[in-house]
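Working notes, beginning with the structure itself.
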Amino acid sequence: MLAETMGNELPNESANQYLTFLLNGEEYGIEILKVQEIKNWGPFTPLPRSQPHVLGVINLRGAIVPILDLRAKLGLPTTDVTSTTAIIIISAEFDEQIRTLGLVVDSVSEVYQLLPDNIQKTSEANRTVDPEGYIRAFGSVDEKFLILLNLEPIFASTLQPDEMLEAANP
């Protein structure tokens with residue numbers, strides 16, 4: 001469901017669209033252009049000596065994709081896997097390369113088109129609350145408050161593919 005649309009006024013309507021999902025009862029969002037696919041919870045290969053938020057890797061059509069527990073990454077309490085637990089596969093440019101990563105979320109919510117007036121960028125003052133820079137902005141739509149994530153620091157603090165392969169094959 002698109003909560004707000006601007007018709008033909010936007011040259012690229014997907015540029016302001018966000019896929020939202022729940023973590024610990026709060027609604028978060030990521031840019032839809034970075035979402036490759038959404039998968040049901042399924043098996044993964046754990047990696048020895050990996051960071052606590054790195055659950056392991058999956059083979060996605062021949063590509064090794066790290067799977068992150070987004071709750072652990074953001075410092076939220078852990079929970080059991082349920083029937084709504086999902087893995088959002090994202091692709092984004094990092095270190096001048098396209099990287100792919102799976103984010104485990106409690107459930108996937110909706111896709112929203114946010115108008116620029118409905119997005120409030122974080123300021124330097126917010127760095128005391130979010131020193132890692134994981135929060136890109138805050139959005140509001142239909143009485144909902146959304147936390148829009150900045151994927152770059154999430155990628156930056158995760159194992160690089162060579163390190164993952166090294167850990168998987170000690």
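Quick notes on this structure:
- Highest mean first, the peptides 89-100, 25-36 sorted by other C-beta atoms within 10 Å per residue fall in the order 25-36, 89-100.
- Cβ-defined net charge surrounding N24, 9 Å radius [Lys, Arg +1; Asp, Glu -1]: -1
- Rough spin-label spacing in nm, given labels placed 7 Å along Cα→Cβ, for N40 and L76: 2.2
- Cut-off 13 Å between beta-carbons: net charge of the residues surrounding R71, Lys and Arg +1, Asp and Glu -1: -3
- Stretch gain in nm, segment Q120-N24, where the contour uses 0.36 nm per residue and the Cα spacing is subtracted: 32.4 nm
- Segment 12-89: C-alpha pair distances exceeding 22 Å, %: 29
Values quoted throughout were computed directly from the atomic coordinates according to the rules given, and no laboratory measurement underlies them. These numbers were taken from a predicted model, which means no experiment stands behind them. Heads up, the Cβs are rebuilt from the backbone with ideal geometry, glycines too, and the neighbour counts pull from every protein chain shown.
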